[in-house]
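Let me begin by presenting the structure, written as structure tokens, before commenting on it.
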Amino acid sequence: MKFLRAISFFFSSPRGLNIRTNNYSPLRYRRNNGGRLFALAASFFLFQAECSPAVSIFAALDLKKVASECEAGKDIEKQIEEINQESKKDLKDLETQIKSMESNKKSDYDARKIEDMQMILYDMVRTKKYQISEGYGRAIGVLEKEIKKVVADICKEKGIQIVLNSETIVHMEKNCLDITKETIDRLNKVCKSIKVELKGTK
């Protein structure tokens, strides 16, 4: 849940967007813009290794746990939180300016100017939401590839043919092979950091 919470931005969804920054809902953004990795984790995850032992061997993997507990996943979480805080401050400054203009409004010209500033704020919100969503998606895409590489290596070494997402398994015996911890340990050795890059920003 911590990783899911970190990827959520403090804006509300574009539908019915309230121009007040203190009304932006991270939960609403999270529900509408959840990361691709967690959509994958919620589905029936299937990984087929390139090996062909005499008997099919299955293993379980908690993909969500791997993403949230590995060093690279935590790094993505930290970067998103920092981006959120920086963006929130910029937008809060503009909102404060608009409030000051509203309190000193004296003419129709002032009212039109306030409306223009509100549109600027709205555009900034929409642009930043898009930039963060795209940047997060690219970082998660890199993490997915790294996870699959590690899982493929484990499968080849252990003769595993199929890896199932443990969250979708109805029943699993205690002695069933679970490669979650081993995947995290190996992933931490080869991938400790993934940069979140926002297009259109310096």
* Asked: Picking from Gly141, Gly135, which residue would you name as being in contact (Cβ under 8 Å) with a residue 24 or more places away in the chain and either of a type in the set (Phe, Trp, Tyr) or surrounded by 16 or more Cβ atoms within 10 Å (Cβ to Cβ) (or both)?
  -> Gly135
* State which residue pairs qualify: first residue surrounded by 14 or more Cβ atoms within 10 Å (Cβ to Cβ) and inside the range 109-128, second residue of a type in the set (Gly, Ala, Ser) in any location, beta carbons under 7 Å apart, and separation of 6 or more residues or different chains. => Lys128/Ser87
* Can you pull out the residues in the range 52-103 that are outside any helix (DSSP H, G or I) and either within 30 Å of Met117 (Cα to Cα) or over 16 Å from the mean Cα position of the chain (by Cα) (or both)? -> Ser52, Pro53, Ala54, Val55, Ser56, Ile57, Phe58, Ala59, Ala60, Leu61, Asp62
* **Selection from the range 46-77 of residues that are within 30 Å of Ile120 (Cα to Cα) and either at pLDDT 95 or above or hydroxyl-bearing (Ser, Thr, Tyr) (or both)** => Ile76
* Go through the residues of the range 105-120 one by one and say whether even a single one is touching a strand residue (DSSP E or B) at 6+ places or on another chain (Cβ under 9 Å) and modelled with pLDDT of 90 or more. => no
* Structure fact -> Flagged in the range 172-191 as in contact with an Asp or Glu (Cβ under 8 Å, 6 or more places away or on another chain), closer than 13 Å to Glu69 by Cα and not charged (D, E, K, R), in numbering order, are Thr180, Ile184, Leu187, Asn188, Cys191
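Among the basic types (Lys, Arg), under 30 Å from Leu61 (Cα atoms), surrounded by 11 or more Cβ atoms within 10 Å (Cβ to Cβ) and in contact (Cβ under 8 Å) with a residue 60 or more places away in the chain: which single residue out of Lys88, Lys181, Lys148 fits that description?
Answer to the selection: Lys148.
The values are calculated or read from the model by the stated rules, or taken from the named source; none is laboratory data. Computed from a predicted structure; not experimentally measured. Counting neighbours? That spans all protein chains shown, and the Cβs are built from the backbone with ideal geometry, glycine included.
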